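Each value in this text was obtained by applying a stated rule to the coordinates, not by laboratory testing. Every value quoted in this text rests on a predicted model; they were computed, and no experiment measured them. A quick note on method: Cβ atoms are made from the backbone with ideal geometry, for glycine too, and the neighbour counts reach across all protein chains shown.
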Amino acid sequence: MELKCPVCRVQACRLKPGLKLYPGFCPMSQETEALQTARANYLNPDTRALAMAAAQTEAAGYCKETRMQEVIGFARRLGVNRLGIAHCVGLIQEARIVQEILEANLFEVLSVCCKVGSIPKEEIGLGDEEKIHPGQYEALCNPIGQAMLLNEAGTGLNIAIGLCVGHDSLFFQNSQAPVTVLVAKDRVTAHNPVAAIYTSHSYYNRLKGG
């Protein structure tokens, strides 16, 4: 099966079934166990509650609310009061402001920086030449530690603020609570990664080997 939704010009999946034919490469053009299993999973009470809150948040704030507002609304719809923030040390000011906003909205907030534990990069086998600044001590980003501390704190929803590519994957993998991303790290574009996508035909044509 080919999975290549971005090239689809039909988008029949957005419509009531039967109104348009699915392209031959569409996973909906044939019976797939994965989609059947996924659909059944929404009947699980915990999954259903998360899906309901997500869909309600989308509808309530569609083209009206910022992502910050949507995160607040999502947490309230989940009935969660204790929130976790896993943030990059480079966005500590932004994390502080977010914590203030959440606390002003009467949430209990626990925040953990990525450098918690101060693990030397050499401990996982990185060579000195693989550091950002060779010859200096560099602490490994510790998203597993962030997740475990928030797990111990019993957060009901965790918010990722500027975790590096890959470090965010480790955090998602180890967090017991659901995770939503408020800020996606991109040091070059002021944390607006879609800027490089929008300009991939010009300024960032090197993304396509140009």
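Among Ser200, Ser169, Ser118, determine the one that fluctuates most according to a GNM of the chain built with springs between C-alpha atoms less than 10 Å apart.
Evaluated over the chain, the most mobile residue of the options is Ser200.
When the Cα centres of segment 97-138 and segment 51-68 are compared, how far apart do they sit, in Å?
One Cα centre to the other: 30 Å.
Can you give the calculated 222 nm mean residue ellipticity of the chain, where each DSSP H run of n ≥ 4 adds -39,500 (n - 2.57) and the sum is split over every residue, rounded to the nearest 500 deg cm²/dmol?
Estimated from H runs of four or more residues: -10500 deg cm²/dmol.
Report, in cubic angstrom per residue, the convex hull volume of the C-alpha atoms of segment 130-210.
It comes to 129 Å³ per residue, whole-number rounded.
Could you derive backbone 3J(HN,Hα) for segment 181-190 from the dihedral phi with the Karplus parameters 6.51, -1.76 and 1.60 (θ = phi - 60°), listing whole Hz in sequence and x where the residue is Gly or Pro?
9, 9, 10, 9, 5, 7, 5, 7, 10, 6
Of Ile124, Ile92, Ile144, which has the largest mean-square fluctuation in a 10 Å C-alpha GNM of the chain?
So, out of Ile124, Ile92, Ile144, the one fluctuating most is Ile124.
Name the residues whose placed amide hydrogens come within less than 5 Å of the amide hydrogen of Cys141, ignoring near sequence neighbours (fewer than 5 apart) on the same chain.
none
For segment 4-109, what is the Kirkwood estimate of the hydrodynamic radius, computed as the reciprocal of the mean inverse distance between distinct Cα atoms, to one decimal in Å?
Result for segment 4-109, one decimal place: 17.1 Å.
For the chain, state the semi-axes of the equivalent ellipsoid (square roots of 5 times the eigenvalues of the alpha-carbon gyration tensor), sorted largest first and rounded to whole angstrom. Before the final figure, lay out each step's value.
On the way: eigenvalues 222, 133, 68 Å².
Ellipsoid half-lengths, sorted descending, are 33, 26, 18 Å.
Let's see if you can work this out: charge +1 on each Lys and Arg Cβ, -1 on each Asp and Glu Cβ, no other charges. What is the dipole magnitude of the chain about its Cα centre, in debye to the nearest 20?
1000
Quick check: net charge around Ala160, other residues with Cβ under 10 Å of its Cβ, Lys/Arg +1 and Asp/Glu -1?
Details: positive: Lys185; negative: Asp168.
Result for the neighbourhood of Ala160: 0.
How much space per residue, in cubic angstrom, does the convex hull of the C-alpha atoms of segment 1-40 take up?
Per-residue hull volume (Cα only) is 82 Å³.
What net charge do the residues around Tyr62 carry, taking every other residue with its C-beta under 15 Å from that of Tyr62, with Lys and Arg at +1 and Asp and Glu at -1?
Numbers: positive: Arg14, Lys64, Arg67, Arg77; negative: Glu58, Glu65, Glu70.
That works out to +1.
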